[in-house]
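This report concerns only the one structure given below.
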Amino acid sequence: MLPLRLSAVVSSLILCFPLLCLGIRSFPTTGDDSTFFHYAEAPEYRNGAGCPVSATRNSIPSCDPSLVHIAMTLDSGYLRGSVAAVHSVLRHSSCPENVFFHFVAAEFDPASPRVLTGLVRSIFPSLNFKVYIFREDTVINLISSSIRQALENPLNYARNYLGDMLDTCVDRVIYLDSDVVVVDDVRKLWRVPLAESRVIGAPEYCHANFTKYFTDEFWNDPLLSRVFSSRKPCYFNTGVMVMDLVRWREGNYRKRIENWMELQRKKRIYELGSLPPFLLVFAGNVEPIHHRWNQHGLGGDNLNGVCRSLHPGPVSLLHWSGKGKPWVRLDEKKPCPLDRLWEPYDLYKQVKDRVRNQNWGFSSSILVGYAHDLL
């Protein structure tokens, strides 16, 4: 039985989705001989009263100042999570038509950025979005081995390059990992001010043992460890960040992060993929955002993926950081209790043998007209 607090959240989500699958078209991709996998088209979400009206006729759609900008990675391995995340943002947004998604796709993804673009357009026909091709050779020579192979994926480092990839008119962006669902109006997060000269904002966790994110070799080196001497560093999770791209570009923070990655290749100073370089550059200079915007760790730790419970306090965003992913555990019929909170946003469906003889293949015309979304 679910705890009373969790039951209330589950009940509210179920009430929000009573007709989710009725009258919704499906867009399949081929699977093996016995199963076909397909996505349902998301419901249309429209602006409520009081939403800002476009104030520009700029030829670059992303330059509209009324937009809320969200950046995410897009890849075949985590596509199901990305689709659920987008769906959750739209479902709870007061002004969904004013949300613009910037998707970063790997150049050599098995599904190809063009196919991923067409699939997103099929699932969300009215979505404002653009897909950027991320050249993996940009970062591949800077990546060192990590405690979990998934953390070595070049796309994990794409957030370092948002200031270079996104249109220069985009001066602020919310970065979200693919394993989140938003259960509040994302415009509230968008409006969080970044005080003074702070470049990023994120929930901080100052009770966490900060020293464990770096090796003894790092802490025993007086030259390296003094990087934090003038700061009071706290752990923060890079899966949910508000980023000031004007300050990011002006301060050349991409290069600052790369410098630490280059040092890591020569001298082992951390174990955890793309997170430690961000901590080295920003920890102690982060705009603190309410913890409700990153209820993280729901995927368990990086080795075992055990079930976790919610942190105390209100919830605006659920984050399955860690090894365990809700779609995997649900498919294996071994879900954690909180995975049921992710499930209502899942648009990925399975059709068994009874439909295997139907024509479920993609029409080649589905990709026509989407080349402008690719760089």
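The values are calculated or read from the model by the stated rules, or taken from the named source; none is laboratory data. This structure is a prediction, so every number in the text was calculated from the model and none was measured. We place every Cβ from the backbone using ideal geometry, glycine too, and count neighbours over all the protein chains shown.
Assorted remarks:
- Extreme residue, surrounded by the most Cβ atoms within 10 Å (Cβ to Cβ), among residues of region 229-265 that are in a helix (DSSP H, G or I) and β-branched (Val, Ile, Thr): ILE257
- Lone unmet requirement of (1) buried (at least 21 other Cβ atoms within 10 Å of the Cβ); (2) at pLDDT 95 or above for SER321: (2)
- One residue alone among LEU20, LEU90, LEU67 is at pLDDT below 85 and surrounded by 15 or more Cβ atoms within 10 Å (Cβ to Cβ), and that residue is LEU20.
- Taking the criterion of being part of a helix (DSSP H, G or I), buried (at least 16 other Cβ atoms within 10 Å of the Cβ) and within 29 Å of the chain's Cα centre (by Cα), the residues of region 189-226 that qualify are LEU189, TRP190, PHE210, TYR213.
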